[in-house]
Amino acid sequence: MPYNNDEGIVMNYLKRIVDKEIDIKIGAFGAIQLVGPKGCGKTRTASERCRTIFEFQNEDERQDLLDIAATKPSILLSRDKPILLDEWQDAPQMWGAVRNACDKEDLFGAFYLTGSTSKPINTPHTGTLRISTIEMLPMSLYESKESNGKISLADLFNNPKLDVTGIESDLTVEDLLFACCRGGWPRSLIAKNKESALSVAKDAYKQICKKDMTSIDGVKRNPDWVEAILKSYARNIATLSKKNVLVKDVITSLPMSEDTYDTYVEKLKELYVITDVNAWCPQIRNKKSLRAPKKHMFIDPSIAVAALGVSPDYFLNDFDMFGHIFESLVYRDLLAYSSALGGKFEHYHDKYDLEVDGVLHLEDGRYALIEIKLGSNHIQEGIDNLLKVKNLIRKANAENNKLPIREPDLMIIITGGKYAKETEEGVKIIPIGCLKD
């Protein structure tokens, strides 16, 4: 990954996967709302499409913009379109004004609203059928030009027999270590050196703890408690640890009530910092056999690394922990790659300890069973797990053919290795450094 020199290089816009979804939505909606974590590129993506930009957190214009928004917001919407309203939550009247403008005219892609939380804003109108909300993630490895993109997820679904054997990734383990610790933050890609690039996620982590958790709704929150929760989530990343385990982990260092813990976790989710992956519960075993715990993830693995307070070199001596961080990276990228296909990501686990790291569903019913294995040592274990679940589905269908369960369209193991290949059973082994949408 090239870095800019001391004179500085202005980074050209790197096309984002979400652009495809925006292109679809502006064919039907007058306005697009982009939400997602701070620093993931929402404003840049929207501004690339807009002729007029209003930034409600620009101190040079902030008060004037807020005054106009509070008295006659239509003035702002009369400018050349498309119009970007950045951090519009500071002027919630703009929501209704945009909705009203979309009602009066048959507008398409005329307004863009960007913000950094999923917290509902009190507005008199929902914006339904006028304003479409799209979630945006940090950059995937393909968007940051680190994955060579020789294998397309969409192509795999459209042609399950696609031959991937022999396709090579350009990424080394050291590259993956750095990518996980740096994260998918556009700002980190134009840093002057690797140390500076790594500092972006560290700074984001500090801002979350000290500022963002209070600014989200104006309620003062203890940064030490935020830090303790994020450290616990990081230690339990990509695991099925129960809530009581996480709470106990937190209160060993700081006293905190369970209600307070719940509130803080909810706000961290609204800030797009952490997320939980739901369990896939098909009727392939007795209901009592299924477990439905949530798997704990970060929106970007770099925040987990920052919470742990470690460097890329640390993981050279702790590959087990790096395997969990790597799973979070793959989760982030798969969500991005499948977004235009209506992707939904879950996991499978039963009381017999049969588990599959991911079940990626598309909106048309197709799905893939996915195992995530950093190195080659556990690939056979992943193959066995995938085949066991597929055989369970076949057995369930043979016993009850009235409500058959669709068999997986794909079985994939995503690795940190170099070469793609396919097993005799049809399991595709794909390096993350080859994958794209």
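The values are calculated or read from the model by the stated rules, or taken from the named source; none is laboratory data. Here the structure is a predicted model, which means the values were calculated and not measured. Every residue, glycine as well, gets a Cβ built from its backbone with ideal geometry; the counts of neighbours run over all protein chains shown. The area values use the complete protein model at the heavy-atom level, side chains included, leaving out ligands, DNA and RNA. Shrake-Rupley method; radii C 1.70, N 1.55, O 1.52, S 1.80 Å.
Dipole orientation for the range 161-230: of the candidates SER215, TRP225, THR172, SER215 has the Cα lying most toward the positive pole (charges on Cβ; Lys, Arg +1; Asp, Glu -1). Here r is the Cβ-Cβ distance between SER78 and LEU354 and R0 is 60 Å; the resulting FRET efficiency, rounded to 0.05, is 0.50. Taken about its Cα centre, the range 1-113 carries a charge dipole of roughly 480 debye when the Cβ of each Lys and Arg holds +1 and the Cβ of each Asp and Glu holds -1.
Within the listed set ASN148, ASN401, ASN391, the residue fluctuating most in the Gaussian network model of the chain (springs between alpha-carbon atoms under 10 angstrom) is ASN401.
Length gained on full extension, SER257 to GLU381: 40.6 nm, using 0.36 nm per residue less the C-alpha separation. Summary of the geometry: the range 34-81 and the range 365-381, compared by the centres of their Cα atoms, lie 43 Å apart. Only the Cβ atoms of Lys and Arg (+1) and of Asp and Glu (-1) were treated as charged; on that basis the dipole of the range 346-437 about its Cα centre amounts to roughly 160 debye.
Tell me the per residue accessible area of the chain using a 1.4 Å probe; a whole number in Å² is fine. Present the calculation step by step, with values, prior to reporting the outcome.
Numbers: 20420 Å² over 437 residues.
Dividing the accessible area of the chain by its residue count gives 47 Å².
Sparsely packed loop sites in the range 297-390 (the trypsin sites (Lys or Arg not before Pro) outside DSSP H, G, I, E and B with at most 14 other Cβ atoms within 10 Å) comprise LYS351. The alpha-carbon of LYS150 sits under 17 angstrom from the alpha-carbons of these aspartates and glutamates, leaving out residues fewer than 8 places away in its chain: ASP163, GLU168, ASP170, ASP333, GLU422, ASP437. Using a Cα-Cα cut-off of under 16 Å, which lysines could be cross-linked to LYS344, ignoring same-chain neighbours fewer than 8 residues away? Within reach: LYS294, LYS295. Near MET139, the amide H atoms lying under 5 Å from its own belong to GLY184, TRP185; only residues 5 or more places off or on other chains count, and H is placed 1.01 Å from N. The label point for LYS15 and the one for ARG406, both projected 7 Å from the Cα toward the Cβ, are 2.8 nm apart. In the chain, the sites counted are chymotrypsin sites (Phe, Trp or Tyr not before Pro) in DSSP loop states with at most 13 other Cβ atoms within 10 Å, and the longest stretch holding none of them, exclusive of the sites, is 14-351. Note on the range 270-340: dipole from Cβ charges, positive end direction compared against CYS281, ILE299, PHE326; the farthest Cα belongs to CYS281.
Ignoring lysines fewer than eight residues from LYS72 along the same chain, the ones with Cα atoms less than 24 angstrom from its Cα are LYS81, LYS104. Short-range pairs are left out: with C-alpha atoms under 8 Å and at least six residues apart, the relative contact order of the chain is 18 percent.
With a Förster radius of 25 Å applied to the C-beta separation of ASN222 and ARG62, the computed FRET efficiency comes to 0.30.
Which residues does a label at GLU105 reach in the range 59-85, if reach means a backbone N under 14 Å from a point 7 Å past the Cα toward the Cβ? Counting only backbone N, you get 74-84. Potential lengthening of the chain between ILE190 and GLU363 amounts to 58.7 nm, from the contour at 0.36 nm per residue minus the alpha-carbon distance.
Computed over protein heavy atoms with a 1.4 Å probe, the carbon and sulfur contribution to the accessible area of the chain reaches 48%. What you get for the chain, charging only the Cβ of Lys and Arg (+1) and of Asp and Glu (-1), is a dipole of about 960 debye around the Cα centre. Expressed to the nearest 5 percent, the antiparallel share of DSSP beta bridges inside the chain is 35 percent.
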